[in-house]
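S.K.: Before we start, here is the structure in question, set down as structure tokens.
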Amino acid sequence: MKLCIAEKPSVAKDLAQVLGAKTRRDGYFEGNGYTVTWTFGHLCTLKEPNDYTEKWRAWNVHSLPMIPSKFGIKVMDNSGVKKQFRTIETLVKKATEIINCGDAGQEGELIQRWVLSKAKNTKPIKRLWISSLTEEAIKDGFKNLRDGKEFNRLYAAGSCRAIGDWLLGLNATRLYTIMFGTNRQVLSIGRVQTPTLAMIVERQEAIDLFTPENYWEIDTLYRNTVFSYEKGRFSKKEKAEKVLEDITSKDLVISSFKQKEGKETPPQLYDLTSLQVACNRKYGFSAEDTLKMTQSLYEKKLVTYPRVDTRYLPNDQYPKIKGILTKLPFAKLTEPLLGKKIRKSSKVFNDKKVTDHHAIIPTGVNPSGINLDERKVYETITKTFIAAFYSDCIVSNTTVKAKVDKHPFKATGKQILDPGWRVVFGGTESTEEDVMPVFEEGENGEHQPQLLTKKTKPPAYYTEASLLRAMETAGKSVDNDELRELMKENGIGRPSTRANIIETLFKRGYIKKEKKRIIATDTGKKLINLIHFDILKSPALTGQWERKLREIEKGELSVNEFKSELNKMVTRLVHEVKHGIRPKQVKLSELSCPKCQGQMLAGRKAYGCSGYKTGCDFVIPFVVDNKKVDSNRLKEIIDNFDAKAVKTA
């Protein structure tokens, strides 16, 4: 008998139907040589501190750090969970082969392996690895079952992630609560939660401390076109007034007029984070709500697996595209694509950018039985998928340069010549304001200059959309999609967990929402200001730790090496906080270059290595992520340095 274990009852039901296991029993289906059962997500969890030793039951600073010699798992203390686990345990004993049908991702692998480990499974394990729950995908997946051993590294990474969260979260939370908590308030600290909160608090403090300053700009109107002063803003009004005086009585002369045809490629397909960003911006959906709705669409067979961090498709998906387009409920939009060869772009298809899963796309199943908000998410995914196979949008970019006396001015404009993919979203025509008149080099005439008084603006509050982006790039501000793709290795959290982290911060009262703005509360600010151990709150350093977990998944870092680093860090943290040791100010002369061991030096704009004359290129700017890098922070960066991290520093 082959035992299939799914992650949810609804998925088990779908699998059972395809496999012909149509007899319903208490906690499983059976038939046709198969038994199909399920978990409810996590049935097992890591043991609690008091499960290891009674002295860890009480919150006592003298019992810290808590570092078990070996971590154990236990069945969760819930009657329904325990009953289902007993069912699985019995079925495992009877089975000849186990088929792991958990969600095809790190968390899904961890859930299943913990259950099988607790059930003392000794039977061979196969792995069902699919990206959608359509009947075709399930049948294809069972024809191509993979050896469970192929996913040992995925499980190792998931296990290390859970252990890391246990070690840092429980030790740091107890430590800071005992040392600094008041009125029985728990000061909750987490590996991803705390640096995320630190980003919000830092932004909040920058806004609170911001003092607006006046600045001045000059523009001028010529032939119904606004020309801006090319040298930018003025910090002193007198200088601006002098320029205004110089140009007021003189003609504007066109020095160049250039029109250049350009292309705007279709938007990329969605990974989970970019979908959450889009739905937050367009509909105000929280990251958690978007994930829940996309998961529901996946379980209703309408879209592919949602917990992904790639925006590409593998090349072997290309032959299936026309079939999917044919079935989609947007005939007017898909019809222009179906009568010709489907476009194949490297911005859509790239085997190197796809690992276990591909981008989120529709399956082609008719979207019935979904609510209004789910339909909005479905249409967001589906229209972007359709647009990916349209032609580029062709635009005319116009740049006009002019001079008034010796002062340079510039005007720019864009006109849509061929909307291409924009028709999918309704953007087909330029407005009258987009169309600039034709200018001739050397022409001149009167113009209407004006002096504009403006004020500097504080940094923008985080929204869920911008916070998700900040988590993805470890706090760095990146607008370019390709650069952001490269930085995902160093992001904090995973696509599947970021929404939950944000929700946790709301629930614990560390942040609140005012309309779309995310505000740090006094409690949140207090917690971050108590923490002087940089690894706990630095997005960049936590991002490097996140990357090490990915290296375990790829087989590039050993589990023991990661655990050893973790144990040392937790031990140091407890020692320093217990004894009130604040980081002493490190002398720059004490720091060595991590690449060549040369002496670290301070230049005009950055720290560098004394070996620069012989080719060492190690450089760290004085300001990173809008925050000054002092010698202490430089030491943290050097201590956590490796070549991959520097590329995104």
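The values are calculated or read from the model by the stated rules, or taken from the named source; none is laboratory data. Since the model is a prediction, treat every value here as computed from it, not as a measurement. Ideal geometry is used to build each Cβ from the backbone, glycine not excepted, and the neighbour counts take in all protein chains shown. Calculation scope for accessible area: heavy atoms of the full protein, side chains included, ligands and nucleic acids excluded. Shrake-Rupley method; radii C 1.70, N 1.55, O 1.52, S 1.80 Å.
S.K.: Report the GluC sites (Glu not before Pro) located in segment 111-214 that are in a DSSP loop and have at most 14 other Cβ atoms inside 10 Å of their Cβ, or state none.
M.R.: In loop regions of segment 111-214 (DSSP not H, G, I, E or B), the sparsely surrounded GluC sites (Glu not before Pro) are GLU213.
S.K.: A follow-up question, please. I need the calculated FRET efficiency for the pair SER255 and THR453, taking r as the beta carbon distance and R₀ as 25 Å, to the nearest 0.05.
M.R.: 0.35
S.K.: So what is the accessible area of the chain per residue, in Å², with the probe set to 1.4 Å?
M.R.: 49 Å²
S.K.: What does the extension gain come out to for ILE370 and ASP147, with contour length at 0.36 nm per residue minus their alpha carbon separation?
M.R.: Working it through step by step, the gained length comes to 76.7 nm.
S.K.: Leaving out ligands, DNA and RNA, and with a 1.4 Å probe, what % of the accessible surface on the chain is carbon or sulfur?
M.R.: 48 percent
S.K.: Rounded to the nearest 10 Å², what accessible area does SER592 have for a 1.4 Å probe in the complete protein model?
M.R.: 50 Å²
S.K.: Search the structure for amide H atoms under 5 Å from the amide H of ILE99, placed 1.01 Å from N in the peptide plane, and list their residues when 5 or more places away or on another chain.
M.R.: Amide H to amide H, under 5 Å and 5 or more residues apart or across chains, ILE99 pairs with LEU3, CYS4, ILE5, LYS126.
S.K.: What nm value, rounded to one decimal, do you get for the distance between SER558 and LYS282 when each label is placed 7 Å out toward the C-beta?
M.R.: Output for this residue pair reads 4.9 nm.
S.K.: Once R0 is set to 51 Å, what does the formula 1/(1 + (r/R0)^6) return for the Cβ-Cβ distance between ILE519 and SER610, expressed as a FRET efficiency to the nearest 0.05?
M.R.: 0.65
S.K.: PRE reach from VAL623 (point 7 Å along Cα→Cβ): which of segment 438-466 fall under 16 Å by backbone N?
M.R.: Correct set: 456-460.
S.K.: Could you pull out every residue, at least 5 positions away or on a different chain, whose amide H is within less than 5 Å of the one on PHE618? Hs are placed 1.01 Å off N in the peptide plane, and Pro or chain starts have none.
M.R.: CYS609
S.K.: Something else now. Only one of the values [x] 1.76; [y] 1.13; [z] 1.61 was calculated from this structure for Cα Rg over 2.2 N^0.38 Å; name its label.
M.R.: Comparing each candidate, only [y] matches the computed number.
S.K.: Another question about this same structure. What number, rounded to the nearest 500 deg cm²/dmol, is the helix-based mean residue ellipticity at 222 nm of the chain, given -39500 (n - 2.57) per DSSP H run of at least four residues and division by all its residues?
M.R.: It lands at -12500 deg cm²/dmol.
S.K.: Please compute the modelled spin-label separation between SER391 and THR355, points set 7 Å along Cα→Cβ, answer in nm with one decimal.
M.R.: 3.9 nm
S.K.: Follow-up question, since we're still on this one. Subtracting the Cα-Cα distance from 0.36 nm times the residue separation, let me have the gained length for THR96 to LYS512 in nm, one decimal.
M.R.: 144.5 nm is the gain from fully extending THR96 to LYS512.
S.K.: For segment 404-411, in order, what is each residue's ³J(HN,Hα) by Karplus, 6.51 cos²θ - 1.76 cosθ + 1.60 with θ = phi - 60°, in whole Hz (x at glycine and Pro)?
M.R.: Karplus values, whole Hz, x for Gly and Pro: 10, 6, 9, 9, x, 10, 8, 9.
S.K.: Ok, one more. Given a Förster distance of 25 Å, report the FRET efficiency between ASP165 and MET1 from their Cβ-Cβ distance, rounded to the nearest 0.05.
M.R.: 0.10
S.K.: Counting only C-alpha contacts under 8 Å and six or more residues apart, can you give the relative contact order of the chain as a whole percent?
M.R.: 15 percent.
S.K.: For segment 188-266 and segment 320-390, what is the centre-to-centre distance using only Cα atoms, to the nearest Å?
M.R.: Centre-to-centre distance over Cα atoms comes out at 38 Å.
S.K.: Okay, moving on. Under 8 Å for C-alpha pairs, at least 6 residues apart: give me the relative contact order for segment 1-140, rounded to a whole percent.
M.R.: Averaging sequence separation for qualifying contacts and normalising by length gives 28 percent for segment 1-140.
S.K.: Just flag the GluC sites (Glu not before Pro) in segment 488-597 sitting in loop per DSSP whose Cβ has no more than 15 other Cβ atoms within 10 Å.
M.R.: GLU556
S.K.: Just to check I understand the Karplus step: with θ = phi - 60° and J = 6.51 cos²θ - 1.76 cosθ + 1.60, what whole-Hz values come out for segment 512-522, glycine and proline as x?
M.R.: In residue order, the calculated couplings are 9, 10, 10, 6, 8, 6, 9, 10, 7, 7, 4 Hz.
S.K.: Amide H of ILE361 versus every other amide H placed in the peptide plane: which residues, excluding those fewer than 5 positions away on the same chain, fall under 5 Å?
M.R.: Here the answer is THR304, since their amide H atoms fall under 5 Å of that of ILE361.
S.K.: Which ³J(HN,Hα) values in Hz, rounded to whole numbers, follow from the phi angles of segment 415-420 under the Karplus curve 6.51 cos²θ - 1.76 cosθ + 1.60, where θ = phi - 60° and Gly and Pro get x?
M.R.: Here the 3J(HN,Hα) series is 10, 7, 8, 9, x, x Hz.
S.K.: Still on this structure: Using DSSP to define loop residues, name the trypsin sites (Lys or Arg not before Pro) in segment 208-251 whose beta-carbon has at most 14 other beta-carbon atoms within 10 Å.
M.R.: LYS231, ARG233, LYS236
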